[in-house]
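Structure, as structure tokens:
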Amino acid sequence: MATEDENPSQRDITAMLKGQTSACKAARDAIAADGEVMLYGGQPPQWMVLGVAATRLRRSLKIGLTTLGLDETVEILRARHCEEQLRTGNIVAADRSWFFTLYFDATGAELLACSGVKNERPSRRDGQKLQL
């Protein structure tokens, strides 16, 4: 496993995806199928990461995107201390069909949550035009 001074490897991340949310298995499968794993060096505060995840959840629900574990992730992040620093990363499925977001503690040694959003055209309800 990674120490505080290094990023977790792809193998470490796969091992960390143990069921924190319903997206973990799909994220592991995406890595196994040559998905691209990216980790970010910054450590934004919990309140900022939570705000992005909550907005992504609201927007996805509003436009009808398929999500995995995003609602669970918001609840997990909500339970963290607002000044805590977090790290994030992404997994993009090799066929680009899914985009997963990983949420780590500040050291990158503990995976807190994982969420996924399917790359699909948003549904158009009642013939409304989407504003992106």
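The values are calculated or read from the model by the stated rules, or taken from the named source; none is laboratory data. It should be emphasised that the depicted structure is a prediction, and the values quoted were computed from it without experimental measurement. All Cβ positions, even for glycine, are placed from backbone atoms using ideal geometry, and neighbour counts span all protein chains on display. Remember, those area values only see protein heavy atoms, side chains included, never the ligands or the DNA or RNA. Shrake-Rupley method; radii C 1.70, N 1.55, O 1.52, S 1.80 Å.
Go through the residues of region 9-21 one by one and say whether even a single one is of a type in the set (V, I, T) and crowded, with 21+ Cβ neighbours inside 10 Å.
yes
Please go through region 99-122 and pick out each residue that is closer than 18 Å to K25 by Cβ and β-branched (V, I, T).
Within region 99-122, T101, V117 meet the criteria.
Since T73 meets every condition but one in (1) assigned to a strand (DSSP E or B); (2) touching a Phe, Trp or Tyr at 6+ places or on another chain (Cβ under 7 Å), which condition does it not meet?
In the conditions (1) assigned to a strand (DSSP E or B); (2) touching a Phe, Trp or Tyr at 6+ places or on another chain (Cβ under 7 Å), T73 misses (1) alone.
Restricting to region 78-100, give me the number of residues that are under 20 Å from D12 (Cα atoms), open to solvent by 10 Å² or more (accessible area, probe 1.4 Å) and outside any loop (DSSP other than H, G, I, E, B).
The number of residues fulfilling the criteria is 5.
Filter region 7-54 for residues that are within 24 Å of R80 (Cα to Cα), in contact (Cβ under 8 Å) with a residue 40 or more places away in the chain, among the β-branched types (V, I, T) and assigned to a helix (DSSP H, G or I) and give the result.
Result: I13, V49.
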